[in-house]
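Working notes for the structure below.
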Amino acid sequence: LEASMKLEHKAGEKLYIDFTGKKLSMVDKTTGEIKQLEVFVAILPSSQYTFVKACKSQQKEELIACLNDCLHYYGGVPQAIISDNLKSAVHKAHKYEPVINHSFKDCALHYGCVIDPTRPHRPQDKALVESAVHLVYQRIFYPLHEMTFFSLEDVNREISKLLIVYNDIKFQRMDCSRKELFLSTEKHVLKPLPVDRYELKEFRRAKVQRMGHIYVGADKHYYSVPYRYIGQHVEVQYNHTTIEIFHGGDRIATHQRKNHAGYTSVKEHLPSHHQHYRDWSPDFFLSRAKDCGEYVYQYVKVLFSRDAYPEHIYKRAKGILELGRQYGNDRLNESCKRAARIGKYAYSIIKNMLEKGLDKDIDMFDPDYQHQIHISFHENIRGADYYR
């Protein structure tokens, strides 16, 4: 006969988890359909303190939700979680180097413990939880088999009642129960729980597109990243509320998650010339025009007031303001003053004035000029009295 080794379990060192082979059931209120329920079982091997919960499936979402409830039920975290090789926990089973499911590994990282799967096809590696499953069949499944449930909450409520009784039953060869042994020897050595419960994350890889965004297919939404990462591959982590983007282990962007098609952009992620373009608005150009001079401001203001579609004026206003850099704001201000006086509002008018120096000539349309004597007085001037 093959020998079997007796393992010594240290308090707070391990937590064994498993799903039962048999299932519980509930009835759908609306359709009358009988739905099968999976049952999650966890046990601390040192005290054999047990946790049981029903769930809808063995998917990773349900597994992590059960583990969350389990650790909060114990009020602490062990050093390692021992699971079997179900797909929601282990991506690739291996005798020496298994590949852990990314979400399950991230959950363990959040709680400060490690995942240590058993060897494939070696149930003896987690014999205690296998034994606990058989006891759960007797102490919990059997009392429930004649009951009819219409919701998962009702099932778990009854399981909680039976679990209290189960953990309070004294061992046959010890003068204490599982709960008493847990409270006296194990609870105080468990690591404290983090402040927040773990929230399930999804992990994806994406390539930063030329427009400086990555695409998240689950939302049909684009999220911006700093433009220097264009063309590179990044890792995307997201939960129900937040999108986090990583490159080389460094977080480079964070966004609030959007559940609709569209774009989410952060101004600082764009190149400087793109940031400048995004700022364009009537107020943006009027603010810049005011810095050039009062007549430039009034001139640009009239330009916008004459067009129902402001974006049509953006390039014209930008061109006029750029003339101030070339010829100086004082000359630009004077040119706008003269062009406004004759009612001409166009970039070409201002540019022509500055190129030909018309802003420096006498302004014949200036009201002050109209009252000036244009010809100097001399003896050949007969004057107005001559014609009386």
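The values are calculated or read from the model by the stated rules, or taken from the named source; none is laboratory data. Worth saying up front: this structure is predicted, and the values here are computed from it rather than measured. Every residue, glycine as well, gets a Cβ built from its backbone with ideal geometry; the counts of neighbours run over all protein chains shown. Side chains included, ligands, DNA and RNA excluded: accessible areas come from the protein's heavy atoms. Shrake-Rupley method; radii C 1.70, N 1.55, O 1.52, S 1.80 Å.
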Give me a comma-separated list of calculated 3J(HN,Hα) values for the stretch 99-108, in order, Karplus coefficients 6.51, -1.76, 1.60 applied at θ = phi - 60°, integers in Hz, x for any Gly or Pro. 9, 7, 4, 4, 5, 5, 5, 5, 4, 5
Could you work out the per residue convex hull volume over the alpha carbons of the stretch 48-159, in cubic angstrom? 114
At 7 Å along Cα-to-Cβ for each site, give me the label-to-label distance between LEU358 and ARG205 in nm. 6.4
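Mind checking the full-extension length gain between SER305 and HIS94? Use 0.36 nm per residue of separation minus the Cα-Cα distance, one decimal, nm.
Gain on stretching SER305 to HIS94: 68.7 nm.
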Using only the alpha carbons of the chain, determine the length spanned along each of the three principal axes and report them from longest to shortest in whole angstroms. 144, 48, 35
Taking N as the residue count of the stretch 167-208, its alpha carbon Rg divided by 2.2 N^0.38 Å gives 2.18
How much solvent-accessible surface does ARG157 expose, in Å² to the nearest 10, with a 1.4 Å probe and all protein chains in place? 120
Using +1 at the C-beta of Lys and Arg and -1 at the C-beta of Asp and Glu, which of TYR327, VAL165, PHE285 has the Cα lying farthest in the positive direction of the dipole of the chain? TYR327
The stretch 203-210 - phi-based ³J(HN,Hα) in whole Hz, Karplus 6.51/-1.76/1.60, Gly and Pro as x: 10, 9, 10, 8, 9, 6, 7, 5
Please arrange LYS191, LYS10, LYS126 by accessible surface area, largest first, computed with a 1.4 Å probe and ligands excluded. LYS10, LYS191, LYS126
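What's the magnitude of the charge dipole for the chain around its Cα centre, counting Lys and Arg as +1 and Asp and Glu as -1 at the beta-carbon? Answer in Debye, nearest 20.
Values: 57 positive and 49 negative charges, 126 e Å.
Here the chain has a charge dipole of around 600 debye.
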Whole-number percent relative contact order across the chain, with pairs defined as alpha carbons under 8 Å at least 6 apart: 11
If DNA, RNA and ligands are ignored and the probe is 1.4 Å, what is the ranking of HIS221, HIS134 by accessible area, most exposed first? HIS134, HIS221
Diffing the stretch 288-304: the Karplus 3J(HN,Hα) column from phi (6.51, -1.76, 1.60, θ = phi - 60°), in whole Hz with x for Gly and Pro, holds 5, 5, 5, 5, 7, x, 5, 6, 5, 4, 5, 5, 5, 4, 5, 4, 5
Give the carbon-plus-sulfur fraction of the accessible surface of the stretch 73-176 in %, rounded to a whole number; probe 1.4 Å, heavy atoms of protein chains only. 54
Whenever you get a sec, line up SER83, SER131 from highest to lowest accessible area (probe 1.4 Å, protein heavy atoms). SER131, SER83
Is there a pair in LYS29/LYS187; LYS315/LYS360; LYS95/LYS170; LYS14/LYS53; LYS22/LYS161; LYS56/LYS207 whose C-alpha atoms are over 31 Å apart, and which pairs would that be? LYS29/LYS187; LYS95/LYS170; LYS56/LYS207
If we count every other residue with Cβ under 12 angstrom of ILE243's Cβ, Lys/Arg +1 and Asp/Glu -1, where does the sum land? +1
Mind checking which aspartates and glutamates have their Cα closer than 17 Å to the Cα of LYS23? Skip sequence neighbours fewer than 8 apart in that chain. GLU33, GLU38, GLU62, GLU130, GLU146, GLU153, ASP154, GLU158
Over the stretch 168-312, what is the mean sequence separation of C-alpha contacts under 8 Å (at least six apart), divided by residue count, expressed as relative contact order in percent? 15
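Under a point-charge model restricted to the Cβ atoms of Lys and Arg (+1) and Asp and Glu (-1), what is the dipole moment magnitude of the stretch 93-192 relative to its Cα centre, in debye to the nearest 20?
On the way: 14 positive and 13 negative charges, 61 e Å.
The dipole magnitude comes to about 300 debye.
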Mean accessible area per residue over the chain (1.4 angstrom probe, all protein chains present, square angstrom) is 61
